[in-house]
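All remarks here apply to the structure that follows.
The values are calculated or read from the model by the stated rules, or taken from the named source; none is laboratory data. On a predicted model such as this, the values are computed, not experimentally measured, just so you know. Using ideal geometry, Cβ is built from the backbone for each residue, glycine included, and neighbour counts are taken over all protein chains shown. These area figures cover heavy atoms from the full protein model, side chains too; ligands, DNA and RNA do not enter into them. Shrake-Rupley method; radii C 1.70, N 1.55, O 1.52, S 1.80 Å.
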Amino acid sequence: MNPQHNTCSATQLVQIEINGKKVELSSGQWFIYDLKEMACVPANHEFAEIKDCSFFEFGHNDRTHIKGGENFKSYPCKGTNS
């Protein structure tokens, strides 16, 4: 076995979508604030994954496991505080 091709430690580049924009990144655990920064999403915007016609909202400091093909959407907060 070639040690340079160790599949156990290799991360795979995958593609996700954030607000309609394709983003390429490595698979695995990601903090939401990193995904927001990558797609130029303001920190005070809500962030959700669209899955099976439902929104799954994340907090700014939450993590998600990226496998590839995920679809995320951001939107301004609904609260009255600015």
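Within segment 37-82, the set of residues being within 18 Å of Val14 (Cβ to Cβ) and β-branched (Val, Ile, Thr) comprises Ile50, Thr64, Ile66.
Out of Ser54, Ser27, Ser74, I need the residue that is of a type outside the set (Phe, Trp, Tyr) and modelled with pLDDT under 95. Which one? It would help to see each step written out before you state the result.
Working: Ser27 fails: modelled with pLDDT under 95; Ser74 fails: modelled with pLDDT under 95.
It is Ser54.
Here Glu57 passes the criteria (1) over 22 Å from Glu24 (Cβ atoms); (2) more than 12 Å from the chain's Cα centre (by Cα) except the one numbered (2). Take segment 35-49 and flag every residue that is in a strand (DSSP E or B) and more than 11 Å from the chain's Cα centre (by Cα). Hits for segment 35-49 are His45, Glu46. Scanning segment 10-42 for residues that are among the charged types (D, E, K, R), farther than 11 Å from Thr64 by Cβ and open to solvent by less than 60 Å² (accessible area, probe 1.4 Å) gives Glu17, Lys36. Residues that are among the aromatic types (Phe, Trp, Tyr), more than 13 Å from Ile32 (Cα to Cα) and open to solvent by less than 70 Å² (accessible area, probe 1.4 Å) within segment 43-82 comprise just one, Tyr75. Restricting attention to segment 60-82, the residues that are without any contact (Cβ under 8 Å) to a residue 12 or more places away in the chain and within 11 Å of the chain's Cα centre (by Cα) add up to 0.
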